[in-house]
Amino acid sequence: MDAANDTASSCPDRGVPAHVAVIMDGNGRWAESRGLPRVEGHRRGLEALRRTVRAAEDLGIRALTVYSFSSENWRRPAAEVTALLMLLRRFIRGDTVELHARNVRIRVIGDRAGLPEDIIALFEESESLTRNNSGLVFQVAFNYGSRDEIVRAVRRTVQDVAEGRLALDAIDETALSERLDTAGIPDPDLVIRTSGEMRLSNFLLWQAAYAEFVFTPVLWPDFDRRHLEEAVAAYRGRDRRYGGLSAAGGQN
């Protein structure tokens, strides 16, 4: 995919969003409501993720970004963090080959500094194996925080100016977008958050500037193709104006 600086142009087919981003929320509540350990909620959340990736492919969505582990999640109890990392390792080792066979391209965004070396190696292996695939771009946000991402992009921009690779007056939205973790992927057209919460939680703050939002009460482990189709249907019904007039001539 080529970078898209004009969000409105990132979705040539008005019926299907080109890029869907998902804040996968509610694993712990799902488990607790059933008297199960929280790790079981995360395990069932992985099953929901597999269903969603398959559904996104079937619907013709070109990019799917999921918020899998925020930079703030390290504050959770050590046992839960350990279980999450174990599930991450299992998912990458077990699913990469199948995703590759389905022509899915895997990307991982977020700060890799300080991560366990084996996890970094798994990220690099999955990205390398699927780099030339032309199907769905499956982008996993891990150890990710949008403010941190923007700070790192600013640092790269300043360094490029200092080292003569970028002129000071060439700094614009495009220059910064090209230095974000998501460089080369169109901004999301649709952001979905499960579990009934209505906030971004430091996810894709820059990229979601013109995205449509769907908040669903469904807890993530219960999310399936039907719920994705409902979110896409809601997106179809929106009037996306990008600061201009609506198709009917109405004002903002």
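Since every read-out is calculated from the coordinates, none of them should be taken as a lab result. Note that the structure is predicted; figures quoted are calculated from it, not measured. Because the Cβ atoms are built from the backbone with ideal geometry, glycine has one as well, and the counts that use them run over all protein chains shown.
A compact table of results
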item: Under Karplus coefficients 6.51, -1.76 and 1.60, residue-wise ³J(HN,Hα) of the stretch 176-193 in Hz, glycine/proline x; result: 6, 4, 5, 10, 7, 4, 8, 3, x, 10, x, 4, x, 7, 9, 10, 10, 10
item: Furthest towards positive pole of dipole, Gly135, Val161, Pro186, structure part the chain, Cβ charges; result: Gly135
item: Fluctuation leader among Leu64, Leu190, Leu88 - the chain, Gaussian network, Cα springs under 10 angstrom; result: Leu88
item: Choice from Ser177, Ser128, Ser68 showing the highest fluctuation, given a GNM over the chain with Cα pairs closer than 10 Å; result: Ser128
item: At most 11 other Cβ within 10 Å, DSSP loop - trypsin sites (Lys or Arg not before Pro), the stretch 99-206; result: Arg131, Arg165, Arg199
item: Choice from Val161, Val66, Val137 with maximal GNM fluctuation in the chain (Cα, 10 Å cutoff); result: Val161
item: Residues whose placed amide H lies under 5 Å from that of Thr65, excluding near-sequence neighbours; result: Val20, Ala21, Val22, Gln139
item: At most 12 other Cβ within 10 Å, DSSP loop - trypsin sites (Lys or Arg not before Pro), the stretch 28-94; result: Arg34
item: Interchain or long-range residues, amide H under 5 Å from Val108's placed H; result: Val140
item: Size of electric dipole in the chain: Cβ of Lys, Arg +1 and of Asp, Glu -1, about Cα centre, debye, nearest 20; result: 640
item: DSSP-assigned coil residues among GluC sites (Glu not before Pro) in the stretch 21-127, each with at most 14 further Cβ atoms within 10 Å; result: Glu72
item: Span-rule helices in the chain, defined as complete DSSP H runs reaching 27 Å or more along the axis (Cα) with Kyte mean at least 0.5; result: 78-101
